[in-house]
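Below is one structure, written out as structure tokens; the observations come after it.
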């Protein structure tokens, strides 16, 4: 299979809402884990995750990915995901610091885990389906947090390749656009 990320991988800027970053405990931001961000935040500051996210975190950890929920259990609830269009799933991830090759490899593995869960045995070579990966880089000090990011829509078929191939494709996609600058510094 030939890959052509130049033509079928879409990359856009993405700003994670301040409300999301504010809900993440400092200890999680400094843990070194990739953080699974909530899909939504309710008015009462409760994080809403997708139904399959708890199983996704466990499955990704079983594959060696350092992934954890961004918020505490007492501030979280689960909701059902309704898919429409060609995007079969979305993953919202945050990393503290820069999107290094090690992070990209863990993101590739975690994304493959989510795809396998969603496809439930169907082949990954389905060329019409895409997955949306929303990534934010979080800069943390003891008193401030800055978040900026991108969103990548990538065909599922690429995740049927080796991890290194997927990391290369993600790296090329990241090179297509400048990561959105933080909209402001959030004071703790």
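Some points to look at:
- When the strands (runs of 3 or more DSSP E) confined to region 19-82 are screened for residues that are within 16 Å of the chain's Cα centre (by Cα) and under 13 Å from residue 96 (Cβ atoms), those reaching at least 1 such residues are found at 34-36, 67-69.
- Lone qualifier among 67, 99 - being touching a strand residue (DSSP E or B) at 6+ places or on another chain (Cβ under 7 Å), closer than 25 Å to residue 148 by Cα, surrounded by 12 or more Cβ atoms within 10 Å (Cβ to Cβ) and at pLDDT 80 or above: 67
- Qualifying residue in region 120-130 (condition: part of a helix (DSSP H, G or I), modelled with pLDDT under 85, touching a helix residue (DSSP H, G or I) at 6+ places or on another chain (Cβ under 8 Å) and surrounded by fewer than 17 Cβ atoms within 10 Å (Cβ to Cβ)): no
- Members of region 1-18 that are in a loop (DSSP other than H, G, I, E, B), touching a residue at least 40 places away in the same chain (Cβ under 8 Å) and in contact with a strand residue (DSSP E or B) (Cβ under 8 Å, 6 or more places away or on another chain): 9, 15, 16
- Leading residue by the ranking (farthest from residue 89 (Cα to Cα)) among those in region 36-63 that are surrounded by fewer than 15 Cβ atoms within 10 Å (Cβ to Cβ) and either in contact with a helix residue (DSSP H, G or I) (Cβ under 8 Å, 6 or more places away or on another chain) or touching a residue at least 60 places away in the same chain (Cβ under 8 Å) (or both): 45
The values are calculated or read from the model by the stated rules, or taken from the named source; none is laboratory data. Predicted model only: the values in this text are computed from it and were never measured. A quick note on method: Cβ atoms are made from the backbone with ideal geometry, for glycine too, and the neighbour counts reach across all protein chains shown.
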